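Comments concern the structure below.
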Amino acid sequence: MRPGPQATPVFRPAPRAARPTRRLGVCSALLLLGFGALGARVGQLQLASGGKYKQLSVDLAQHTIPLTAQRGSVFDRNGRDLAMSIERTTVYADPTLVSDPVAEAAKLAPVLAVDSTKLVRALSAKGTTRQPRRFVYLAHTVDDSVATMVQAMKLPGIGFMPESARSYPAGSVAASVLGQVHFDGSGAAGIESEYNSLLAGKSGSLSVEQDPLGHDIPNTQKTLIDAQRGTDVVLSIDENLQWQAEYSLLDQVKATGARSGMAVTMDVTNGSVLAMASVSGATPTTPAKVAGAGDHNAPLTELFEPGSTNKLITLSWALEHGHVSPDTMFEVPNSIQVDKHVKPYYDAETHTGVPNGIEHWTTADILRESSNVGTIKIAQRMHNQEVADGVRAFGLGSQTAIEWPGQPAGLLLDPSRYYATGKYSTAIGYGVSVTAMQMLDAFATIANGGVTRPPHLLDATIDAKGVRHPAPVPDGTRVVSQNTASLMTQMLRGVVAKGTGACAAIPGYYVAGKTGTAKKALATGGYSADATMASFIGYAPADHPRFATLVVLDENNLSFGGAVAAPVFSEITHFALQQYGVNPTDTTNKQYSAALATARASRNSCAVPHGADLARAQAALQTQLGPTHSAAGASTGQSGSTATAGASTAASLPPDPSKHN
């Protein structure tokens, strides 16, 4: 038998002996390499980027709360508070700490009276990882009861801080002058807006570091930048006189069914505006009321054609340049045609009882009777440029010295565009658009002896240390001579004693002034046959002027300035004379008696109706308008509720200032 194949032996190497030293070395090397890389990275972060990451960590923990500055106060000339700030609570949120914006918004919305969608958006605005948003306002200056309810909710991320809210202690007195503030406390209108940079102060801030739960981190830096309180502002306004002006004007607007009214009183010895009132007439749904904080301050913003009060400028300029004297005689017919291609100009009242309707009047008579024809005859002696220079010299066409937002300069015709009628229309106050303050300035210039007396509302400021700084007052410029001003004053006294301004008379004082009755321009061209701007502007005492007052009523019927505006002038100016203790100058009531006789002859009552008299006046107006109209509708030409128009003055008038300090 053959033997089978032999198995090949498998070679197995002998096992090596363990070498722990080598393995340990490799592991150690790997560890050293890893720690080295880590150390290098740490070194890089620490040395090269350490500042960057340190700042990032601070930013993530940093929480900055703005500290609003307390807004400065506004005082009247006697130190009474007109506007002040009171502390309230403002609710804010740190969105990074809010876990459920929708749920928190649902709880906060009905309490804060803020739309829930708006709250969700604010609470969800967390920012970015690098720039987290740690502060957002939810509601400014809430009532204490609201703040208490929100605090009781103990919602994460919701915080509270003190913030000033604006308060007006005098209520609606001078509201359209003071204006109002925005929700964030910044000035929105009126004085609050014009002097916002003074009143606002400078905000501060408080910066702290907090942990992710919103707790302050102990032993970390806190940075406090104190807020700086705003500067106080002192106005020239006299709260008592302001109230009287609003009271008198409001009742006359109600009694006559006027669309609106405005009144201004200034001290002609220094230019201080003591009262500036605006009144809105009744509508079918609202009664007449004193203008509010959101309404226009009409004497500085509303333009109108002045009508016959502009004759003061025409006659003053004619006297100054030797074209006439007070005794220059004119033949004055009832009408005059200056160009065959245009309609004639007429006097307001027909000349009766004289041959051919031609009056023989002096310059003084023309002013006393407010004759358009007579004034045009005077203007015929003047060149176009002279008439244009006169209105500009008295300040028309330029803003007044009062700083006021949106104050217009007015509109004047260029003398090159007078053509056939421009000079004559300007002479009698048409084709000229002015503010009430501009017209009062013109009269104050005559009262001040022919030198302008720039008006001002800002009397002084009071800084944080309590130091009072009087506001600078511009110097006046001479417009006409002292002699011209004296002659004009004498003629203006005649307007009150025996002319169209009899109802402006004040017992015990001589008064100088002029009526104005301008028909209102129509949007379609031409002038209304009924609606007028009825005005009276004057000053007293005429022999030693102290106060100048303007009253303008926007009437929707053919009302004359001497009948409706002059009585308001008398009431306001009389109050001012008594309030400031001005000695009487007409102790025998010579002018007042003459004016009273003139008014009776014209069947003018010369009284601003109040109380029961006002109710009777409104009833008479209702009868005059007929059954399809009411006193409320008289201001708009629409029918309305008599009850609305008959609302008591007390309901729409600010409280008597004597009842608060």
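The values are calculated or read from the model by the stated rules, or taken from the named source; none is laboratory data. The model shown is predicted, which means the values in this text are computed figures rather than measured ones. A quick note on method: Cβ atoms are made from the backbone with ideal geometry, for glycine too, and the neighbour counts reach across all protein chains shown. Quick note on the areas: whole protein, heavy atoms, side chains included, nothing else; ligands and nucleic acids left out. Shrake-Rupley method; radii C 1.70, N 1.55, O 1.52, S 1.80 Å.
What ranking of His456, His469 comes out by heavy-atom accessible area, probe 1.4 Å, highest first?
Details: His456 20, His469 80 Å².
The most accessible residue leads, giving His469, His456.
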Consider a paramagnetic label point 7 Å from the Cα of Ala409 along Cα→Cβ; state which residues of segment 431-462 have an amide N under 15 Å from it. 433-435
Accessible area in the full protein assembly, largest first, 1.4 Å probe, for Met329, Met491: Met329, Met491
Model label zone, Ser335; criterion: amide N under 18 Å from point 7 Å along Cα-to-beta-carbon; scope segment 367-389: 371-377
Can you pull the one-decimal nm distance between simple spin-label points at Lys343 and Ala597, each 7 Å off the Cα toward Cβ? 3.8 nm
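Please label the shape of segment 227-330 as rounded, prolate or oblate, based on the square roots a ≥ b ≥ c of the eigenvalues of the alpha-carbon gyration tensor (a/c under 1.5 means rounded; beyond that, a/b larger than b/c means prolate, else oblate). Show your work: numbers first, answer last.
Values: a/c = 2.74, a/b = 1.45, b/c = 1.89.
Oblate, since a/c reaches 1.5 and b/c is not below a/b.
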For segment 477-584, what is the relative contact order in percent, using Cα pairs closer than 8 Å and at least 6 residues apart in sequence? 24 percent
Hey, any idea what % of segment 249-349's accessible area is carbon plus sulfur with a 1.4 Å probe? 50 percent
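If each DSSP helix of 4+ residues adds -39,500 (n - 2.57) and the sum is divided by the residues in the chain, what number results at 222 nm, nearest 500 deg cm²/dmol?
Numbers: 23 runs with 224 residues, N = 661.
Taken over the chain, the calculation gives -10000 deg cm²/dmol.
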Give the lysines reachable from Lys107 as a straight Cα distance under 26 Å; neighbours fewer than 8 places away on the same chain don't count. Lys118, Lys126, Lys154
Obtain the nm distance between the two label points defined at Ala37 and Ser99 by a simple spin-label model: each point lies 7 Å from its Cα along the Cα-to-C-beta direction. 3.9 nm
If the chain between His360 and Ala464 were fully stretched, how many nm would it gain, using 0.36 nm times the residue separation less the Cα-Cα distance? 30.9 nm
Kirkwood calc, segment 356-514, C-alpha pairs only, radius in angstrom 17.8 Å
Taking the Cβ of Arg166 as the centre, find all other residues whose Cβ is under 13 Å away and add up their charges (Lys, Arg: +1; Asp, Glu: -1). -3
So Thr148 and Thr623, fully extended at 0.36 nm per residue minus their Cα-Cα distance, gain in nm 165.4 nm
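Can you work out the accessible area per residue across segment 109-176, with the rest of the protein chains kept in place, probe 1.4 Å, in square angstrom?
Details: 3490 Å² over 68 residues.
On a per-residue basis, segment 109-176 sits at 51 Å².
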Distance (nanometres) between label positions extended 7 Å along Cα→Cβ at Ala529 and Ala471: 4.7 nm
Percentage of Cα-Cα pair distances in the chain greater than 33 Å, rounded to whole percent? 59 percent
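In segment 393-425, what chymotrypsin sites (Phe, Trp or Tyr not before Pro) fall in a loop by DSSP, with at most 13 other Cβ atoms inside 10 Å?
Details: sites: Phe394, Tyr418, Tyr419, Tyr424; in loops: Phe394, Tyr418, Tyr419.
Those satisfying the criteria are Tyr419.
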Which chymotrypsin sites (Phe, Trp or Tyr not before Pro) in segment 106-199 pass both tests, a DSSP loop state and at most 11 other beta-carbon atoms within 10 Å? Phe183
Take the alpha carbon atoms of segment 237-304, find their center, do the same for segment 560-581, and report the distance between the two centers in whole angstrom. 13 Å
The chain - Cys residues lacking any other Cys C-beta under 4.7 Å: Cys27
Please list, short to long, the whole-number percent of alpha-carbon pairs of segment 397-468 in consecutive 5 angstrom bins beginning at zero. 3, 13, 17, 17, 17, 12, 8, 4, 3, 2, 2, 1, 0
Quick check: convex hull over the Cα atoms of segment 253-409, volume per residue in Å³, rounded to an integer? 190 Å³
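If the chain between Asp81 and Asp226 were fully stretched, how many nm would it gain, using 0.36 nm times the residue separation less the Cα-Cα distance?
Details: separation 145, 0.36 × 145 = 52.20 nm, distance 2.55 nm.
Once the chain is fully extended between Asp81 and Asp226, it gains 49.6 nm.
Please calculate how many Å² of accessible area segment 411-505 carries per residue, with a 1.4 Å probe and no DNA, RNA or ligand atoms counted. Kindly include the intermediate steps, with their values, before the conclusion.
Working: 3670 Å² over 95 residues.
Per-residue accessible area for segment 411-505 comes out at 39 Å².
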Hey, how many Å between the Cα centroid of segment 132-191 and the Cα centroid of segment 488-552? 46 Å
Computed accessible area, Trp404, all protein chains, 1.4 angstrom probe, square angstrom: 30 Å²
Heavy-atom accessible area with a 1.4 angstrom probe orders Lys340, Lys519, most exposed first, as Lys340, Lys519
Using the membrane-span-like helix rule (whole DSSP H runs, Cα extent along the own axis of at least 20 Å, mean Kyte-Doolittle hydropathy at least -1.0), which helices of the chain qualify? 20-43, 239-256, 482-498, 611-625
log₁₀ I(q)/I(0) of segment 284-369 at q = 0.14, 0.20, 0.24 Å⁻¹, via Debye over equal Cα point scatterers, no solvent, to two decimals? -0.72, -1.06, -1.32
Pairs beyond 26 Å (Cα-Cα), from Lys498/Lys519; Lys289/Lys498; Lys340/Lys498; Lys520/Lys590; Lys343/Lys498: Lys289/Lys498; Lys340/Lys498; Lys520/Lys590; Lys343/Lys498
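If you build the convex hull over the alpha carbons only and average its shadow over all orientations, what do you get for segment 526-616? Give it in nm² to one decimal.
Values: hull surface 30.5 nm².
So the Cα hull casts an average projection of 7.6 nm².
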